[in-house]
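One structure below.
The values are calculated or read from the model by the stated rules, or taken from the named source; none is laboratory data. Everything quoted here is computed from the prediction, not taken from an experiment. No Cβ is skipped: glycine too gets one built from the backbone with ideal geometry, and neighbour counts run over all protein chains shown. All accessible areas refer to the heavy atoms of the entire protein, side chains included, with ligands and DNA or RNA removed. Shrake-Rupley method; radii C 1.70, N 1.55, O 1.52, S 1.80 Å.
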Amino acid sequence: MTDQEVQKGFEEVYNKFWLNYRGKVLPKQSDEWERMNTWAVVLMKKYPFMEQVVAEMIAELGQRMRRCGDGR
């Protein structure tokens, strides 16, 4: 793994994925929730070294959703 590969992984996971979803509360059964989860799976496969980070991000987004009262 090169430094550029690591940089690209962090760029895509944080700057594109996390910053896109961190402030959104998505209903769990919505199309957007499904798109987010699909993107997360793609990121985990594309950047195996970021798998745990992406999983933690999904868990955090799920907790935020539940705190806002959309526990469906």
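Screening the candidates Met36, Met50, Met44 for the property of being modelled with pLDDT of 85 or more, more than 10 Å from the chain's Cα centre (by Cα) and buried (at least 17 other Cβ atoms within 10 Å of the Cβ) yields one hit, Met50. Residues in the range 9-29 that are within 18 Å of Glu51 (Cβ to Cβ), in contact (Cβ under 8 Å) with a residue 24 or more places away in the chain and open to solvent by 70 Å² or more (accessible area, probe 1.4 Å): Phe10 only.
Are any residues in the range 21-33 in a helix (DSSP H, G or I) and within 9 Å of the chain's Cα centre (by Cα), and if so, which ones?
Scanning the range 21-33 gives a single hit, Tyr21.
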